[in-house]
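*Asks:* Structure provided below as structure tokens; questions to follow.
Values quoted throughout were computed directly from the atomic coordinates according to the rules given, and no laboratory measurement underlies them. Small disclaimer: the values here were computed from a predicted structure and weren't measured. Every residue, glycine among them, receives a Cβ derived from its backbone with ideal geometry; neighbour counts consider all protein chains shown.
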Amino acid sequence: MKKNMLVCGANGFIGRNALEYFRNSYDITAVLFSSKEPDYGRLDGVRYIQADLRLEEDVKNIFEEQHYDVVLQAAATTTGSKDVVERPYLHVTDNAVMNSWIFREATLNKVGHLLFPSCTVMYQPKDVSQSEDDWSADDEIYHNYFGVGNMKVFSEKMCDFYSRIGETKFTAFRHSNVYGPYDKFDLDKCHVVPAFINKVTAADNEFEIWGTGKASRDVVYIDDLIEFIDKCIENQESKYELFNCGAGEAFSILELASTIMEVQGKELDVIFDTTKPDIPTTVILDCRKAELELGWSPKVPLREGLEKTCNWYKANLLAEVDWLL
């Protein structure tokens, strides 16, 4: 008999890819925020429900109607650097509330294992790789990330807390910039890789980069992240663990842009717009703990991942972009 899995945020980037990966090995309940149809349709064999995870009653109903062996809490308010700079509160309140209700109800209803995607914004900008132990509460989080970074640390600590008072196993993982199919490509909401794919695809002669282009990013392909989640479910032994999950190396903004142009066969003049929001930081993840304890390491090279993502974008989203019609 298949085990039961709950995927919160099933219409989002990580959630949708998790449905694709796990639907043959689990009986999945997928939580959607909106009552509208999922952006890319419903998957056969997946049970869909609608709920507002910011509301206590909605969350209680989800967990009381059946038992779940695994919960992936991938629901979150997520946007790009523009909102991080101009409206940082968007990433704080709603996410703290929904995590609090979900973690509590998972514990009270004795879920087997809950996995929570955190992030890396609490790390200090450095040009050397950082392990899970390299962050300290004494460190001042980078000012653009102060709100969301502390919210993520709070959520990680809640995972640890609930693992100590109940039977549920918890995993919090700090993933780097994830990219791949089903990502957001809206320039007002997306991260660096989908933004570049969007811009390069539309460009004829010039390609604009926001800021100075001096920043670097640790980026990991979505298939590697989903495999990491699977490895956590299979191999984590302790009640609570915190893992890094990334490529383990940083790619400069220019390198990302140049590779995307190469993949698409374009030669464009690069223009830097320093008036636009820019977060000139570099964070590189040391993922040796995941390799040693879970047997996980990233497998998809940057160029291969970018090529797959570009192909998916052209096949699924290109016709929907008004300015390209």
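*Asks:* Number of Lys pairs in the stretch 34-182 with C-alpha atoms less than 26 angstrom apart, excluding same-chain neighbours closer than eight positions?
*Replies:* Lysine pair count for the stretch 34-182: 14.
*Asks:* Something else: Student exercise: in the stretch 227-322, how many lysine pairs 8 or more apart or on different chains have Cα atoms under 22 Å apart?
*Replies:* Details: LYS231/LYS239; LYS231/LYS289; LYS231/LYS299; LYS239/LYS289; LYS266/LYS308; LYS266/LYS314; LYS289/LYS299; LYS299/LYS308.
For the stretch 227-322, qualifying lysine pairs total 8.
*Asks:* Along the charge dipole of the chain, which of VAL31, TRP296, PHE13 sits closest to the positive end, that is, farthest toward it, with unit charges on the beta carbon of Lys, Arg, Asp and Glu (+1, +1, -1, -1)?
*Replies:* Farthest along the dipole direction, towards plus: VAL31.
*Asks:* Here is a further query. Let me know the charge dipole size of the stretch 104-151 about its Cα centre in debye, to the nearest 20, where only the beta-carbon of Lys, Arg (+1) and Asp, Glu (-1) is charged.
*Replies:* Dipole of the stretch 104-151, to the nearest 20 debye: 380 debye.
*Asks:* Please list, in chain and number order, the residues 5+ apart from TYR240 or on another chain whose amide H is under 5 Å from its amide H, with Hs placed from the backbone.
*Replies:* Amide H neighbours of TYR240, under 5 Å, 5+ apart: PHE170.
*Asks:* Counting only C-alpha contacts under 8 Å and six or more residues apart, can you give the relative contact order of the stretch 184-267 as a whole percent?
*Replies:* Working: 54 pairs, mean separation 31.6, N = 84.
After rounding, I find 38 percent.
*Asks:* How about the stretch 202-285: which GluC sites (Glu not before Pro) there are in a DSSP loop, with at most 10 other Cβ atoms within 10 Å of their Cβ?
*Replies:* Sparse-neighbourhood loop GluC sites (Glu not before Pro): GLU237, GLU267.
*Asks:* Determine the dipole magnitude for the chain: charges of +1 sit on the beta-carbon of Lys and Arg, -1 on that of Asp and Glu, nothing else is charged, the reference point is the Cα centre, and the result goes in debye to the nearest 20. Before the final figure, lay out each step's value.
*Replies:* Numbers: 34 positive and 54 negative charges, 120 e Å.
For the chain, the charge dipole is close to 580 debye.
*Asks:* Right, something else. Mind running the shape call on the chain? Use the C-alpha gyration tensor, a ≥ b ≥ c as the square roots of the eigenvalues: rounded below 1.5 for a/c, prolate if a/b tops b/c, oblate otherwise.
*Replies:* Verdict is prolate for the chain.
*Asks:* Relative to the first principal axis of the alpha-carbon coordinates of the chain, what is the inclination of helix 13-22, with its axis defined by its Cα atoms, in degrees from 0 to 90 and to the nearest 10?
*Replies:* 60 degrees
*Asks:* Another one. Taking Cα atoms, how many degrees apart are the long axis of helix 253-263 and the longest axis of the chain, rounded to 10 and kept between 0 and 90?
*Replies:* The angle comes out near 80 degrees.
*Asks:* Along the charge dipole of the chain, which of ASN99, HIS175, ALA51 sits closest to the positive end, that is, farthest toward it, with unit charges on the beta carbon of Lys, Arg, Asp and Glu (+1, +1, -1, -1)?
*Replies:* Farthest towards the positive pole: ALA51.
*Asks:* Using modelled backbone amide H atoms (1.01 Å from N, in-plane), which distant-in-sequence or interchain residues come within less than 5 Å of ASN177's amide H?
*Replies:* Sorted by chain and number, the residues that satisfy this are ASP218, VAL220.
*Asks:* By the gyration tensor of its Cα atoms, with a ≥ b ≥ c the square roots of the eigenvalues, what is the shape of the stretch 164-251: rounded for a/c under 1.5, prolate for a/b over b/c, or oblate?
*Replies:* Details: a/c = 3.05, a/b = 2.61, b/c = 1.17.
In terms of gyration-tensor shape, prolate.
*Asks:* What whole number of Å gives the distance from the Cα centroid of the stretch 47-80 to the Cα centroid of the stretch 151-221?
*Replies:* 21 Å
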